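First the structure, then my questions, so here it is.
The values are calculated or read from the model by the stated rules, or taken from the named source; none is laboratory data. Being a predicted model, the structure only gives us computed values, none of them experimental. Heads up, the Cβs are rebuilt from the backbone with ideal geometry, glycines too, and the neighbour counts pull from every protein chain shown. In case anyone asks, the SASA skips ligands and DNA or RNA and just uses the protein heavy atoms, side chains included. Shrake-Rupley method; radii C 1.70, N 1.55, O 1.52, S 1.80 Å.
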Amino acid sequence: MNNPASNALSVGKLQFRLTLLFLLLAACLTGLLSIYWFKVLEPQLRSEARASAAALAQSQSRNLANALLAGLQRHSPQQLADAMDEVLVLIDPNTRAHFVEGLEVEVNEDAVAGDGGQFDLNRGDITCGDCFITKVPLYSHINHELLGAAVFHSSSLAFQRLHEQVRTKLISISALVLLMLVFVWYAVTALFLKVKASEEAAAAATRAKSDFLATMSHEIRTPMNGILGMTHLLERSKLDPEQQDRLHTIVTSSEALLVILDDILDLSRIEAGKLTLEAAPFDLARLARDVASLMSGRAQEKALTLRADIAVDIPQLLIGDSARLRQVLLNLVGNAIKFTPQGAVTIRLRRLRQPPSAPGRIPIELAISDTGIGIAAEQLATLFRPFSQADSGIARRFGGSGLGLAICKRLLEAMGGSLRVDSTPGVGSTFYCSLELLQTDGTRDETPAPPEAIPRLPPLTILVTDDQEINRKVVSSLLAQEGHRVVEVSGGADAVAAAAQNDFDVVLMDLQMPDIDGLEATHRIRALEGYRSRVPIIALTANILNEERERCLHAGMDGFIVKPFTPEGLNRELGRVLAQHRESQINDMIAK
Ligand code: ADP
């Protein structure tokens, strides 16, 4: 099952990681470009600029050679050198930039004897940092003696221009890439935000749905209490066989409706992530046997063999939620019996040989096999979806809401396990529940004892508090039939007032009432106990959640009855609470 909360969390985390990744990418890009610029491009530019400056100086010097040599014949070398130092400015023919901004001619005066001379262009040398100096030696034509050297100063301007141009290009390309990165980051983040928003909306919708379902189920339970209560009362009156048969139909239909209500509530709680699982030691082998014996009556009705095949190496005590596991098993075995016209149903419990995911955990498998009608391959895909039945004819033939398997699968998954099925139409099906449970040496949480015999209670005086008239009527009539005396009140404040004035044997307290609710009324009744003896209080509620039970016990109540209830259920809880009350009275007396 998808847990929207955890998904929302992962989207937030992902978004953060993505932003970090983009920042890292941007930093890497900037770093790489800087390294490329300083270590590769700039030295390369510099050497290329030098080479081209030298080449240009040398080619220009060719043109100078003649003028220089011709001049040497007419002027003194010093005159010539001075003139040249002042005059020469060379212009780059391509860029029109000043290229050589000065020229010195160093003349070896002793050697200026002969006429003519030449530049040895291959022997020039280049020094300097940002400027380029090209020295071109000048040799005599006649005796090849060194006459002097023409020194060309090439400006660093051209290099700087090139440098700037390349740098601008590089910076604009990096800015563009960075801009693109930011854009991609923005787009992806926006997408994540959208996903997050839609996930939140989906989670809110799921919450709204489950709240709606929970409220509906609660609201429907209240009138159901009236229907079932009245039918129970009717069952006890004199009826002819036809009326009895009709009444029986009302009872079974109402009970089926209650099962569906409970299933819907269960599913909505699981989907809203509100399911809390118990973790207490329990005997799994015994649980499997209990389920088999509980369902044996139904199997016998259809002349089916129901077997529990339990491996000997199953540890005696494991830790888990035995009530939820029992619910899963009851559902699967119930289905197996329902969909098997003849043959056998087997519950097989074995230890899996695979290594556990953590030390101390025991991988186990519960397989429920039947020799029933089986499930067609194409229907297996949707089998675990809520409200899915293998085919629509099934609902008509066998009844059911198609929620059971969806709940079983989600429960097992919430326990860290899984549910899968193998089935062949006409041959049978096997449902495999696999899960890992912690082994323990601790003592067992007492698994609920088989339903005790319903106690015979002496006539009691009972205060019934409920704001709904029908509910009061149902409870009072049931109690009156058992021979109890009943005082009815319709609100919490009246209940407190009644408890202050009378000694009741027990108080039945509705929880939701318009004036003061059942928990508050209980607090106030308990506050009276300084001068009155303690009266047992039993909650009457349509809320079946465990948290509600805890709240009631915490508020000082002694028992808990879920509406709608059966006369037997009511009597059993009354008997249990009164027995417990008597026991604590005796203990108090001994202590005094
Ligand atoms: P339902 O309350 O309708 O039984 P489930 O979720 O328990 O809902 O089952 C859904 C459907 O899966 C059933 O209606 C039936 O078609 C099919 N199914 C479940 N168990 C069996 C089985 N043991 N053999 C054949 N079909 C099964």
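Among the residues in the range 272-290, are any among the basic types (K, R), in contact with a strand residue (DSSP E or B) (Cβ under 8 Å, 6 or more places away or on another chain) and open to solvent by 70 Å² or more (accessible area, probe 1.4 Å)?
yes
Okay, next question. Using beta carbons and a limit of 7 Å, which pairs, at least six apart or on different chains, have the first residue in the range 415-436 and within 16 Å of L352 (Cβ to Cβ) and the second one within 13 Å of the ligand (Cβ to nearest atom) and open to solvent by 70 Å² or more (accessible area, probe 1.4 Å)?
Every condition considered, the pairs that remain are T430/D422; Y432/R420.
Within the range 253-312, can you find the residues that are closer than 28 Å to S217 by Cα, small (G, A, S) and assigned to a helix (DSSP H, G or I)?
Selection gives S253, S254, A256, S268.
Another one. Among what's in the range 327-348 and is more than 32 Å from the chain's Cα centre (by Cα), away from the ligand (no atom under 12 Å from the Cβ) and not β-branched (V, I, T), pick the residue that is least open to solvent (accessible area, probe 1.4 Å).
Restricting to residues being more than 32 Å from the chain's Cα centre (by Cα), away from the ligand (no atom under 12 Å from the Cβ) and not β-branched (V, I, T), the top hit is A344.
Out of the range 229-255, which residues are touching a residue at least 60 places away in the same chain (Cβ under 8 Å) and open to solvent by 50 Å² or more (accessible area, probe 1.4 Å)?
M230, R236
Mind counting the residues in the range 388-447 that are among the small types (G, A, S), away from the ligand (no atom under 13 Å from the Cβ) and either at pLDDT 95 or above or under 22 Å from L267 (Cβ atoms) (or both)?
So the count comes out to 5.
Among (1) modelled with pLDDT under 95; (2) within 16 Å of the ligand (Cβ to nearest atom), there is one condition S369 misses while meeting the rest; what is its number?
(1)
Separate question: Is there a residue being closer than 28 Å to S322 by Cβ, surrounded by fewer than 14 Cβ atoms within 10 Å (Cβ to Cβ) and at pLDDT below 95 anywhere in the range 454-469?
Scanning the range 454-469, I find at least one residue that is closer than 28 Å to S322 by Cβ, surrounded by fewer than 14 Cβ atoms within 10 Å (Cβ to Cβ) and at pLDDT below 95, so the answer is yes.
Now a separate question. Could you tell me whether any residue of the range 186-209 is more than 24 Å from the chain's Cα centre (by Cα), surrounded by fewer than 16 Cβ atoms within 10 Å (Cβ to Cβ) and free of Cβ contacts under 8 Å to residues at least 12 places away in the same chain?
yes
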